[in-house]
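First comes the structure, then the notes that go with it.
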Amino acid sequence: MADTRPRRTFAVISHPDAGKSTLTEALALHARVITEAGAVHGKGDRRATVSDWMAMEKARGISITSAALQFTYRDHVVNLVDTPGHSDFSEDTYRVLSAVDSAVMLVDAGKGLEPQTLKLFQVCALRGIPVITVINKWDRPGLSPLGLLDEIERQIKLRPTPLTWPVGEAGDFRGVLDRRTGEFIKYTRTAGGATIAPERRMPAAEVDAADAEVWAEAVEGHELLTLDDADHDQKRFLAGESTPVMFASALQNFGVAQLLDLLLELAPGPSATAGVDGSVRDVDDDFSAFIFKVQSGMNNAHRDRLAYARVVSGQFERGMVLTHAATGRPFATKYAQSVFGRDTASVDHASPGDIIGFVNAQALRVGDTVYDGAPIEYPPVPSFAPEHFRSATAGDIGRYKQFRRGIEQLDQEGVVQVLRSDLRGDQSPVLAAVGPLQFEVVEERMKNEFNSPIKFSRLDYQVARRTDADGATALKGKRGVEVLQRTDGTHLALFVDQWRANVTARDNPEILLEALPAGGS
Ligand code: GDP
């Protein structure tokens with residue numbers, strides 16, 4: 001019973017407070033939600049689907065977990081993969097972007113591009129993920145549309161190509177001009193955006209006299225954009241050279257249907273994917289998927305472990321026996337019940353682009369491939385440049401065994417990167433993270449799950465560069481740098497600051513000192 005409806009799998013990247021939760025809810029309102037996987041971060045008395053899997057999440061009122069919200073819209077199945085919304089970075093935030101085919105960059109009209117948006121955008125750029133830009137909160141005063149376009153072009157080096165152009169400035173929002181049809185999409189204010197789509201489409205000739213003046217300005221703006229080569233070009237969009245832009249108010253439900261339509265029309269669906277050996281898996285080939293996230297400790301009562309997989313090719317049928325590429329061993333999906341998020345509703349079928357969760361799949365790690373038929377192994381999910389470092393020791397020497405086991409487990413799950421050296425020994429590995437929140441997760445889980453409280457000491461390093469065994473020898477004894485080895489074998493040179501890293505690289509051109517992807521601020 002293959003579900004052959006086309007898929008769109010995307011994530012929303014934004015800075016906290018830009019309106020991601022509001023937009024997610026509005027999208028869900030417009031679409032028919034199939035499954036909901038703790039993806040919507042409830043705020044206040046809105047949704048009660050907060051991912052409260054960990055006590056810490058509850059305490060902080062944030063979601064540390066990532067899952068997917070699946071819905072249908074106009075005969076398409078849309079998978080919205082959640083990126084954690086808190087301001088601290090974690091590697092998870094980056095990794096989920098390996099599971100999507102496109103991203104929606106949500107920008108607060110009053111604030112413009114903010115730091116977290118930029119960082120996430122860089123990951124999209126690195127992975128060649130096309131980005132649609134939504135300027136949100138247009139119902140209230142904000143920056144000028146041209147100013148916002150300028151900022152986008154300057155900061156992310158993508159050509160912004162507006163698909164709609166605001167009629168009336170931010171705060172006096174009358175609607176938008178649909179630049180592809182020339183129609184006016186009129187905005188009607190409703191109380192709290194409680195109803196679907198306060199939008200009405202009309203040809204230019206039907207624009208009210210009351211709106212005539214701002215409409216004329218919008219038409220002029222639109223014509224200038226065309227002269228300035230700022231029209232949408234699908235090829236350039238897919239090549240990551242331009243970003244279509246639209247103006248919206250998620251809170252007032254304006255632009256939400258437009259965004260869904262754009263995703264269906266412009267955003268790419270799942271496509272053929274190459275394995276590490278260069279062989280290519282087409283979407284209709286045998287089943288294959290890769291793990292982009294592993295989550296544990298969702299339920300204190302029994303230790304569970306959920307591995308999230310993005311389906312790359314073929315049809316998933318629950319019960320099929322797959323091969324785990326890393327070990328070559330069979331992986332029985334019959335026992336590993338498949339679920340979405342924390343809802344244990346089992347998933348019987350899944351198609352390319354969908355996200356499935358395997359419960360208690362102890363063998364699966366981030367980046368692993370599972371497949372049916374001919375062997376395939378997808379490239380590893382990249383690990384990002386850590387910027388925060390702590391040395392860790394067992395808080396209770398008597399529980400050293402538990403300490404080791406816990407560190408090993410958290411390392412495997414990719415909660416933090418674990419670095420070791422002969423000098424430091426196994427008793428005090430160095431933990432490296434993209435965001436400090438990752439250490440809190442380690443602390444919490446070591447205490448509650450592995451019964452071995454952990455003690456951290458802060459290390460003064462800020463920058464990691466990749467080196468090799470020769471580099472490790474050459475850097476020994478140099479000032480302001482220490483070389484450790486990650487579990488995957490990579491040598492990382494940790495520097496006290498960027499300046500020291502640059503000077504060392506300049507003075508020792510023979511030493512490999514390569515910058516790691518993203519993370520760098
Ligand atoms: P998140 O942190 O990105 O998930 O942001 P939220 O969705 O929680 O929104 C942050 C705040 O901005 C909330 O108070 C929202 O009500 C408000 N907000 C979101 N979208 C809009 C919008 O389009 N217009 C206005 N005026 N406020 C908005």
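Please treat every number below as a calculation from the coordinates, not as lab data. Worth saying up front: this structure is predicted, and the values here are computed from it rather than measured. Heads up, the Cβs are rebuilt from the backbone with ideal geometry, glycines too, and the neighbour counts pull from every protein chain shown.
Structure values in brief
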read-out	value
Estimated vicinal HN-Hα couplings, Hz - the stretch 317-331 in sequence order (Karplus 6.51, -1.76, 1.60; Gly, Pro = x)	10, 4, x, 5, 9, 9, 10, 8, 4, 5, 10, x, 8, x, 10
Degrees separating the helix 437-448 axis from the principal Cα axis of the chain, which is the longest one	50
Check: the chain dipole with +1 on Lys, Arg Cβ and -1 on Asp, Glu Cβ, in debye	1820
Built amide H within the under 5 Å cut-off of Glu387, gap 5+	Ala433, Val434
Reachable aspartates and glutamates, given that their alpha-carbon falls under 12 Å from the alpha-carbon of Lys20 and they are not under 8 places away in the same chain	Asp82, Asp108
Antiparallel content of DSSP bridges confined to the chain, in %, to 5	75
Distant-in-sequence amide H partners of Lys293 (H built 1.01 Å from N, under 5 Å)	Tyr308, Gly367
Other-chain or far-sequence residues with amide H under 5 Å of Gly175's (modelled H)	Val167, Tyr187
Helix axis angle, 256-265 relative to the chain longest principal axis, alpha carbon, degrees	70
Residue-by-residue Karplus 3J(HN,Hα) for the stretch 12-17, coefficients 6.51, -1.76, 1.60, Hz, glycine and proline x	9, 10, 6, 8, x, 6
Within the stretch 452-521, GluC sites (Glu not before Pro) in DSSP loop having at most 10 other beta-carbon neighbours inside 10 Å	Glu510
Folded to 0 to 90 degrees: helix 212-227 orientation relative to the chain principal axis, Cα	60
